[in-house]
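The values are calculated or read from the model by the stated rules, or taken from the named source; none is laboratory data. Remember, predicted model here, so these are calculated numbers, not experimental data. A quick note on method: Cβ atoms are made from the backbone with ideal geometry, for glycine too, and the neighbour counts reach across all protein chains shown. Each accessible area value is taken on the protein alone, full model and side chains, heavy atoms only, with ligands, DNA and RNA left out. Shrake-Rupley method; radii C 1.70, N 1.55, O 1.52, S 1.80 Å.
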Amino acid sequence: MGTWGTGIFEDDLASDIKGNFEDLISSGASVADATKSSLAEYSDSLTDTDDGPTVHLALAKLQIQQGALHPDTAKKALEIIESGESLNRWREIGGEDLKHRQAELEKLKEEIAAKT
């Protein structure tokens with residue numbers, strides 16, 4: 001999977017999840033159903049130390065955008081952000097990219113806090 005930026009969706013996996021989720025919503029699925037379908041579709045990624053956090057963070061951002069953040073999704077995303085586990089690949093890169101990704105995660109954390 002490729003990553004081309006520090007934003008939540010600037011990653012092949014997150015971008016794919018976003019496209020799938022938005023297609024489901026456009027087809028009339030509820031946010032809950034789109035989330036459940038996305039988790040099933042990307043279940044293999046959930047156990048990967050880089051991809052698992054990406055899935056959960058993307059779903060949290062998507063739910064926020066839809067105005068329907070589920071408490072379980074919020075909790076999981078906050079755990080990921082606070083543990084720093086989603087920064088593994090960014091620590092390898094270091095420098096400004098790491099700082100920018102940390103800022104993106106902090107923004108997401110604030111968005112989650114505002115919705116819970």
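Numbers below:
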item	result
From the options A29, A40, residue that is among the small types (G, A, S), modelled with pLDDT of 95 or more and open to solvent by less than 50 Å² (accessible area, probe 1.4 Å)	A29
Options W4, W90; residue that is over 19 Å from I112 (Cβ atoms) and surrounded by fewer than 17 Cβ atoms within 10 Å (Cβ to Cβ)	W4
Subset of segment 43-85 [surrounded by 14 or more Cβ atoms within 10 Å (Cβ to Cβ) and polar (S, T, N, Q)]	S45, T54, Q63, Q65, Q66, T73
Some residue of segment 14-29 being in a helix (DSSP H, G or I), under 13 Å from the mean Cα position of the chain (by Cα) and under 21 Å from T116 (Cα atoms)	no
Single condition K36 does not satisfy, out of (1) without any contact (Cβ under 8 Å) to a residue 12 or more places away in the chain; (2) touching a His at 6+ places or on another chain (Cβ under 8 Å); (3) not hydroxyl-bearing (S, T, Y)	(2)
